[in-house]
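> Please read through the structure below; I'll follow up with questions.
What follows draws every value from the coordinates through simple rules; no lab data is involved. Note that this is a predicted model, so its numbers are computed, not measured.
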Amino acid sequence: MTLRHMRIFVEVCRTMNITRAAENLYLSQPAVSLAISELEDYYGIALFDRIGRRIYITEAGKNFLSYAQHITSTFDEMETGIKNWDYFGTLRVGASISLGIRLLPQIVKAFSQSFPGIKIPVIVNSSETIEAKILNNEIDIALCEGLIHSPDIITEPFYEDRLVVLCSAHHPLAKKDRLTLEDIVREPLLMRELGSGTREIFENFMTAHQIQVEPLWQSSSTRAIVSAVEANIGISVLPYELVKDDILQGEVQLLQIPDMAFRRTCHLVYHRSKYLTRSAQAFLKQCHLSAGLLSQQRQQELQAAEQERRRRAAGQ
């Protein structure tokens, strides 16, 4: 079997349509159909089920797709690597939402100063979606704070994020110095959507303490949640980096809960079959450098926020 067969198969899987795949590859429809038939005959398996005018990938086809994607990807990386891809090429980057908002722009800006010829298309989405795109070879490297489930993905810790509990500055809990987890669950909870790394980590933490979580609100928009917290509709648990401006401006109050003063480890992730070019390795190094600077800045900001909270509490 040839690389051409692999490319045709991958494109048919991407479009799930023989005609569209043929158009994208500038081939005739019979040529695409023949290539798929040759693959099936050669390996003695059915890659697709044909039902009516539609095709559906089989389990064997899904297994073969995993190999085909990385065979074609590795070949492309070899080709571009020989052509000095380290200085003029593309590095596809993904990030979960909290890391994509605060940390990734700093990393890309610093990296681009050393590698101005590298184009960096970015996808920011939930950790669950980012993981799927890594597996489908749509992203080369990603920054994720959520849990990674696939054994085919390498996870490299690079940053410790902190989740904080927030309430309105006018909420009764804002006046208390020390709270418990029970104080939190008695309040209406405003949470990120299912599939979010923040939501998954928080629920796992509460489950470990035998506490059931039933959110009043669920939203993929952090701004919608913060606005609801400001309106005193409920309390929320969010990454500090996404809400630090609101905290420092006094729009919301950071609650002190000793049992919940936990951090989560954020990871750099990439497929274990991914060939890392010199520029990709430099990008990983820049991620570590930028994360270290952000951690120092966060510590100073949290100390300032706590001092301000105590000052306001004393004034009341």
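> With θ set to phi - 60°, apply the Karplus curve 6.51 cos²θ - 1.76 cosθ + 1.60 along segment 231-245 and write out the HN-Hα couplings as whole Hz, x wherever there is a Gly or Pro.
Result, rounded to whole Hz: 7, 6, 7, x, 10, 9, 10, 9, x, 4, 4, 7, 10, 5, 5.
> Round to the nearest 10 and give me the degree value, 0 to 90, for the angle of helix 197-208's Cα axis relative to the longest principal axis of the chain.
Result, in degrees: 60.
> Here are several values of semi-axes √(5λ) of the Cα gyration tensor in Å: (1) 46, 24, 15; (2) 40, 19, 17; (3) 29, 23, 18. Which one was derived from the coordinates shown?
Among (1) 46, 24, 15; (2) 40, 19, 17; (3) 29, 23, 18, the one derived from this structure is (1).
> Same structure again: For helix 104-114, what angle does its Cα long axis make with the longest principal axis of the chain, in degrees from 0 to 90 and rounded to 10?
Helix 104-114 sits roughly 60 degrees off the main axis of the chain.
> Pairs on different chains or at least eight residues apart, Cα atoms closer than 24 Å: how many lysine pairs in segment 1-160 fit?
Working: 62/133; 83/119; 109/119; 109/133; 119/133.
Number of lysine pairs found: 5.
> Could you give the distance between the Cα centres of segment 225-296 and segment 1-51, to the whole Å?
About 43 Å separates the Cα centre of segment 225-296 from the one of segment 1-51.
> As I understand it, the value is the acute angle between the Cα axis of helix 3-15 and the longest principal axis of the Cα atoms of the chain; what does it come to in degrees, rounded to 10?
50 degrees
> Follow-up. Considering Cα pairs under 8 angstrom that are at least six residues apart, work out the relative contact order of segment 3-75 and quote it in whole percent.
34 percent
> I've got another one for you. Do you know the relative contact order of the chain, to the nearest whole percent, from alpha carbon pairs under 8 angstrom that are 6+ apart?
Value for the chain: 20 percent.
> For a quick check: with amide H placed at 1.01 Å from N, whose amide H comes under 5 Å from residue 218's, ignoring anything fewer than 5 positions away on the same chain?
Those qualifying (amide H under 5 Å, at least 5 residues apart or on another chain) are 191.
> So what is the calculated 222 nm ellipticity per residue for the chain, using -39500 (n - 2.57) for each DSSP H run with n of 4 or more, over all residues, to the nearest 500 deg cm²/dmol?
It lands at -16000 deg cm²/dmol.
> Something else now. For residue 160, what residues show an amide H to amide H distance below 5 Å, using hydrogens built from the backbone and excluding near sequence neighbours?
Residues meeting the amide H criterion: 266.
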